[in-house]
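One structure below.
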Amino acid sequence: MIRLLVYLLLALAFAGPVRAQSPADAAYTRLASDSYAEIEASIVGLAASGDPRTAPVIQALAEGRLFYRPADKALFVKQGDAVTDARTGVPAPATEGLKPVRANNKVRRALDSALGTLNLLAPDPGKRREAAEAVFKARDATVLPALEAALSRETDAGVKRTLQEARAAVVLAKPGSTEADRLAAVATIQGRADGDAMGILRALSADPSAAVQAAAAKGVAAIETRLALIAGASNVWYGISLGSVLLLAAIGLAITFGVMGIINMAHGEMVMLGAYTTFLVQEAIRAHAPGLFEFSLAIAIPAAFLVGGGVGVGIERLVIRHLYGRPLETLLATFGISLILQQTVRSIFGPTNREVGAPQFMTGAFDLFGLSITWGRFWIVVFALAVFFGLMFVLRRTSFGLKTRAVTQNRRMAAAMGIRTPWVDALTFGLGSGIAGIAGVALSQIDNVSPNLGQGYIIDSFLVVVFGGVGSLWGTLVAALSIGVANKFLEPYAGAVLAKILLLVFIILFIQKRPRGLFALKGRSVEA
Amino acid sequence: MAPRTPLLAMIDTKGWIFLGVLLAVCLIVPLFNLAVPPGSPLHVPTYVVSLLGKYLCYALLALSLDLVWGYGGILSLGHGAFFGLGGYAMGMYLMRQIGPRGVYGHPVLPDFMVFLNYKELPWYWLGFDFFPFAALMVLLVPGLLGFLFGWLAFRSRVTGVYLSIITQAMTYALMLAFFRNDMGLGGNNGLTDFKDILDFNVQAQGVRVTLFVLTAVALALGYLIARFMTVSAYGKILVAIRDAEPRTRFLGYRPHHYKALAFTVSAMMAGVAGALYVPQVGIINPSEFTPTNSIEAVIWVAVGGRGTLVGAALGAVLINYAKTLLTGAMPEAWLFALGALFVLVTLFLPQGIVGTLIARLGDRKARIAARLPPEPDIPPRLLEEGRGS
């Protein structure tokens, strides 16, 4: 190994003078100077050379890791204890008497812009885009040639657009550019449509050319409209997202409360059990089959349905069965059950939050017309709608759904037709509870999985069901989404807490006006 | 139209027992606290006096809830809100009494306002340095909210479960509001660190005992008012509304007037309970508004026996005593016990302790009555006057 090093060093000793011919090497030598002006000029030269080896050197200089040997002005990069020759990147033996290459503010500015320019040519498109963004923000006229060079080489469409925007910003910032150039630049910047673009265009109100001024003013107006549209669209999206969470939490209740008339205060705890089921499924997968983690939610959904549904059937058989026709007593008994379930979970899992991981497809975000949408939220909306329509299908199109509706509409007649009403009661309650469990799987992705998880949703869920109209699934959907959207539109004006209070007050007043909710069932059975 | 029952005639046996026990407690507890030296085994420590005072406050809250639930069929899951509002009104008075003795030493502003950079007292704090005003607010604020809420809800015939849900939403909204610092009521921490009440040190033994006795008196008065309301003709109509609201309406009564009155009086009672609670406990914060608290109050009434008034008070004291014991000995077990209580009482003891006892005694009376000539349940005087109206 040592012998190899020696050979390498020898080879270097001979190769050195040959390399000194290239312009980059001249610049290297000037780096090891005492004069700041020399160093600065050298950095500019290195950046313009486009030599890929210069990037680490400049990086090292920016981080204070670049040293030179006063004797022969050879440059070395220190990385921890290891020292490498700056020109070749070959490890050098530890050398005594190295001096750091000095930098003052002017040199540092040159370094920053050099780093930006160098990254414009980096092989990674993400890095190139970042560099272009940096240029866009800095608007340094000296990088214009480098920008042009990068533009001519660029193949990625997205990076190319950012580069063009950066060039437009530089053109607008440069005092000498022609009016035609500037007008084109205004058009390019307008296409960007964000706060930075607006700032640049606003600054043009003092432009010597009237045409540019007018174009900039028009651009600002266009961007403002667009930003307002995006803000509105994002409010709607966040509202739908919040509404879908409410829908998930409330939809099981729409069955137990809406269809069966049972006030199930333990509904939130079914959601909580679903979330803990997800946690357990993920723990099992982590322990036994880490490869399946991507499918952990898909596995947790049926598991949570069974857990929630099973507990629901148990509660119905043991307690609620004895309380039909006494809704207020049901409320108290199920509240007691909710306390027991909470404390059970707290005793088993502890009072602290449990970590539920997100699979790959739930992470990250995508861009839709300037609107950033996270995949997690997107899938939850899709999931909520899928659960909603699935439930609709079960109730409308299956034999079980038919029996459920028959029993709720006329219990005695249904019994006379041979339907085993106690079973239908238990299974319907189980269905509602199972759906609450499924909701827990989704909510475990966005909320803290703690024994108190369900409590936070119970009041909201009841309000959604009552607001939508008891017994109407469509009403629940409309109520959840409209409460969600209204909440998000109020938030910017009133703040999150006040918005929620205002909505609660609104719903309380609304129920005074229409005690049966948005989509009231009509008929005599309502009064019963 | 209301029959003029002599005040004493309207109190039944269980009422006399209740008032007697209350009077005995009023005499014994102060005596054993003040007259018996601390070393003696009979001595009642001052903290126990305050603890008992707290139970009595809860009993008054339960009583107010029984008035609307037991007799009006209005299951309010938001009575904690009225309790909390009364408590806050008293807390604001106590805060103003601190004066310049706060940590920051500001002559007018309470500590939390100095901390939050308030320049002057918000308008709704004005007048709270004056005790009669604060006492009036203890009644008015919960009463007004109760009246508005009740009037609107009962007029639109929001009943049963729907009413329960919106009362719960009401206390939930208030909780969120009181948690905000911008509310100017201490936010998360609430109001605490009280010094004086009516220029007496709120921590002093004598003041604690006085507060306890006052609470017992308030409870007795609350009982008398509720009892008076429920045995009067008004009370009969209230019960009629509870049992068959549409039928009562068709008979020409306006149920919402009757229900709104009961709800308002009940809210005021809950407010007084809260106001007496705050100086004895030494703090009021937004957690009093949590819906869980209000539902817990409902179970006190259910355990004691709704529609009995005395039972509600008994249930509140019993359950809170059990809570003190259990949370001290086995904190984990308390929620299990409370949860089981909810389930078991609704399943097996729907009339509560007092209700069941009365039914048992009634059975025995009925058995005896079967052998004896029949005797009207209602005093003859009442019957006559009922006919006369």
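What follows is calculated from the coordinates using simple rules that are stated; it is not laboratory data. The shown structure was predicted, so the numbers you read here are calculated from the model rather than taken from an experiment. FYI the Cβ positions are ideal-geometry reconstructions off the backbone, even for glycines, and counts take in every protein chain you see.
See the values below:
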| read-out | value |
| --- | --- |
| Given A:Lys488/A:Lys513; A:Lys137/A:Lys160; B:Lys259/B:Lys323; A:Lys488/B:Lys259, the pairs whose alpha carbons are separated by over 28 Å | B:Lys259/B:Lys323; A:Lys488/B:Lys259 |
| Packing-based order for B:198-206, A:377-385, using average beta carbon neighbours within 10 Å, highest first | A:377-385, B:198-206 |
| Length-normalised contact order for the stretch B:13-388 - Cα pairs under 8 Å, 6+ apart - percent | 30 |
| Over chain B: helical MRE at 222 nm, DSSP H runs n ≥ 4 each giving -39500 (n - 2.57), nearest 500 | -23500 deg cm²/dmol |
| Average other protein chain Cβ within 10 Å of Cβ, residues B:153-159 | 3 |
| Cα-based shape type of the protein assembly as shown, given that a ≥ b ≥ c are square roots of the gyration tensor eigenvalues and the cut on a/c is 1.5 | prolate |
| Rg/Rg_globular for the stretch A:71-226, with Rg_globular taken as 2.2 N^0.38 Å and Rg from C-alpha atoms | 1.35 |
| Charge context of B:Met269, other residues only, Cβ under 14 angstrom, K/R +1, D/E -1 | 0 |
| Ordering of B:267-279, B:345-357 by burial proxy (mean other Cβ atoms within 10 Å per residue, highest first) | B:267-279, B:345-357 |
| Average partner coverage of A:181-189, which counts Cβ from other chains inside 10 Å | 0 |
| Global geometry of the stretch A:230-527, whether rounded, prolate or oblate, following the gyration tensor of its Cα atoms and the 1.5 cut on a/c | oblate |
| Residue exposure sequence - B:Phe83, A:Phe295, A:Phe279, A:Phe429 - by fewest surrounding Cβ within 10 Å | A:Phe295, A:Phe279, A:Phe429, B:Phe83 |
| Helix-only CD estimate at 222 nm, as mean residue ellipticity for chain A, using -39500 (n - 2.57) per DSSP H run (n ≥ 4) | -22500 deg cm²/dmol |
| For chain A: relative contact order, % (alpha-carbon pairs under 8 angstrom, 6 or more apart) | 15 |
| Inter-part distance where the stretch B:139-195 and the stretch A:159-221 are each reduced to a Cα centre, Å | 55 |
| Cα long-axis angle, helix A:2-19 against chain A (0 to 90 degrees, to the nearest 10) | 60 |
| Overall Cα dimensions of the stretch A:273-430, principal axis frame, Å, largest first | 55, 42, 31 |
| For the stretch A:120-208, average projected area of the Cα convex hull in nm² | 5.4 |
| Share of pairwise Cα separations in the stretch B:32-94, more than 17 Å, in percent | 59 |
| Dipole axis of chain B (+1 Lys, Arg; -1 Asp, Glu on Cβ), positive-most option in B:Leu214, B:Ala9, B:Ala173 | B:Ala9 |
| Label zone at A:Asp367 (point 7 Å along Cα-to-Cβ), backbone N below 15 Å, the stretch A:193-210 | A:193-197 |
| Anisotropy class of the stretch A:116-157 from Cα gyration tensor, a/c 1.5 cut | oblate |
| The protein assembly as shown - charge dipole about Cα centre, Lys and Arg +1 at Cβ, Asp and Glu -1, debye rounded to 20 | 2440 |
| Protection proxy ranking of A:239-248, B:229-238 - average other beta-carbon atoms within 10 Å, highest first | A:239-248, B:229-238 |
| Spin-label pair A:Ala416/A:His322, simplified geometry with 7 Å Cα→Cβ offset, distance in nm | 3.1 |
| Chain A: angle of helix A:105-119 to the longest principal axis, Cα-based, in degrees nearest 10 | 70 |
| Whole-Å distance, taken between Cα centres, linking the stretch A:27-85 and the stretch B:82-98 | 72 |
| Per-selection Rg to Rh, the stretch A:23-109 - Cα, Kirkwood hydrodynamic radius | 0.92 |
| Cα principal axis extents for the stretch A:88-136, largest first, Å | 42, 28, 11 |
| From phi via Karplus (6.51, -1.76, 1.60), per-residue ³J(HN,Hα) for the stretch A:30-35 in Hz, x at Gly/Pro | 5, 4, 7, 10, 8, 8 |
| Per-residue mean of C-beta atoms belonging to partner chains within 10 Å, peptide A:502-512 | 5 |
| Principal axis dimensions, the stretch B:13-388 - Cα atoms, whole angstrom, descending | 75, 57, 45 |
